[in-house]
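Everything on this sheet refers to the single structure shown next.
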Amino acid sequence: MATTEVAADFPFQKWSFFNMFESIKNGAPMVLAVACVMALAAPLPVVAQLTEVVVVPGQQCRGIGINNQAFVVGACADTDGTTLAFLATGAQKSILPGLALGRSCSAGVITNLGKIVGSCVDSNLVSQAVVWNTGGSPIAQRLMPLPNGKSTSATAFNQEGVVAGVSRDGSFLAQPAVWLNSATATALPVGLLGLSDTNCVPVDVSDGSSSGPTVIANCPDRSGGIRPIYWTRTGLFNAYVAQALPLPLEAKRCRVSSIKGSHVLGVCNLSNGAGYRTVVWTNFRSTVVLSIDVGGRSASNGGIEINASGEVVGEFAVPDGGVQSFYWNSEADDFAYISPLPGGEDVSVVGIGTNAVVVGISQTDAGVNHAFSWTRSNGMSDLGSLPGGENSDVSDQSDSGCFVTGASEAGSADINRAYVANLCTERSVDRATRGHLSSLSVRASYRRHP
């Protein structure tokens, strides 16, 4: 999750876990505002069946987060206009309790260890970050703000249950904080870097530790720009210490979005006017910068997600003003253009799993949007929609890459329903068909800095 300033500065943005339930209220799946490039291909088979997650019969629902056990969390629109957070663990579905009766909640994340992260409106009509545990009877536990704080927002997490985000004071000024498996906030200082911690927003937390994971963030500098930083728990008395990520040559400013293993993913705005470039930092020091040419012209690009092997999915601009998608293995310098489903014009990637399976949303030859999966060897697979529906989308992919969730229209009323799909079944692998490249000419090059 990025600040308004970051979002205005950088066109390629990672999807937000925590605000996706807003689309439930307007009753329509997400419509892509992206590319126009005609694909030249025959129809692909639908390879993975979407299974509806029935939480509250007749109500619009969206799956927002999913883990490696295919447990789904999300939100449903209640009849009184509020939203209800839910948990679905196979056959068991339940509405998660909130902080106050009749107030909205949304569950945005479920870790592989079963911790749920989301937000609830309290009795004072203030949105607060909360966590639930899946064992026993879940209770909404508010993540407490820093001293003098009034509210909190969760913006990042890891699989061990550590949450990072911001604590806001009465003037809504935000300061970065981390919750180390408790409701007590630990401040994340940035003063030694000459930056401001006001509206400095954590965006990801490294996996592998519940007591001292690395946190990455985008923080305002004194000139009104944004600097990417990271915190490690290496200070006196095990305190968090901030360090700045080095900027690649010719980079004017950068933002980061993901940390997986030794890799940090970001986007940099080049000072020579060449636009935006995807950047991968390794061990917080060396960088590799991706450049893409479309039809012989340099194209701005930005990474959306990365896995621990350094495989990146992202988007790049095309000459007509649209955006298309790509896959890039930053370790092996292997690049591929992810074209839309046959007959479609628009495509947008959402994530990539540990198994290198990519998921996203593409227009079809019928002019509707479908969730899709993609692999380097098999290409595009249309995930279709729930019975009776036309449009579907993707909200989240499990860390393993095997499961996805989102929303799909279903039935004649075109009501949004939450779903789950298994991408790693034998049936899915057998029926996957390699997608055909479109008429777009795309080339990639790479620049490394030690």
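Dipole size in debye (nearest 20) for the stretch 284-354 around its Cα centre, Lys and Arg Cβ +1, Asp and Glu Cβ -1? Don't skip to the answer; put the middle values down first.
On the way: 2 positive and 10 negative charges, 38 e Å.
In debye, rounded to 20, the stretch 284-354 gives about 180.
When the charge dipole of the chain is built from unit charges on Cβ atoms (+1 for Lys and Arg, -1 for Asp and Glu) and taken about the Cα centre, the candidate among Val166, Val121, Gly273 whose Cα reaches farthest toward its positive end is Val166.
Students often check this: by mean Cβ neighbours within 10 Å, which of 280-286, 359-365 ranks highest, and how do the rest follow?
On the way: 280-286: 16.6, 359-365: 25.1.
Descending mean neighbour count gives 359-365, 280-286.
By the scheme Lys and Arg +1, Asp and Glu -1, what is the net charge of all other residues having a beta-carbon under 9 Å from that of Gly406? Once positives and negatives cancel, what remains is -1.
Under a 5 Å amide H cut-off, with hydrogens placed 1.01 Å from N, Gly384 pairs with Ala371 among residues at least 5 apart or on other chains.
For the chain, the Cβ-based charge dipole about the Cα centre amounts to some 1000 debye (Lys, Arg positive; Asp, Glu negative; other atoms uncharged).
Evaluate Rg over Rh across the stretch 198-310, taking Cα atoms for both radii and Kirkwood's formula for Rh.
Working: Rg = 14.8 Å, Rh = 14.8 Å.
Reported Rg/Rh, Kirkwood definition of Rh: 1.00.
The share of Cα pairs per 10 Å bin across the stretch 198-254, counted from zero up to the longest distance, runs 22, 47, 25, 5 percent. Taking 0.36 nm per residue of sequence separation and removing the Cα-Cα distance, the Ala274/Gln141 pair yields an extension gain of 43.2 nm.
Largest GNM mean-square fluctuation across Glu250, Glu305, Glu160, computed for the chain with C-alpha springs under 10 Å, falls on Glu250.
Using a cut-off of 13 Å between beta-carbons, work out the net charge of the residues near His449 (Lys and Arg +1, Asp and Glu -1, His449 not included).
Details: positive: Arg277, Arg285, Arg447, Arg448; negative: Glu250.
Its environment carries a net charge of +3.
The protection proxy used here, the mean number of other Cβ atoms lying within 10 Å of each residue, ranks peptides 148-154, 201-207 as follows, highest first: 201-207, 148-154.
Each reported figure results from applying straightforward, stated rules to the coordinates on display, with no laboratory input. Since this is a predicted model, take the numbers as computed values, not measurements. Cβ coordinates were reconstructed from backbone atoms using ideal geometry, including for glycine residues, and neighbour counts include every protein chain displayed.
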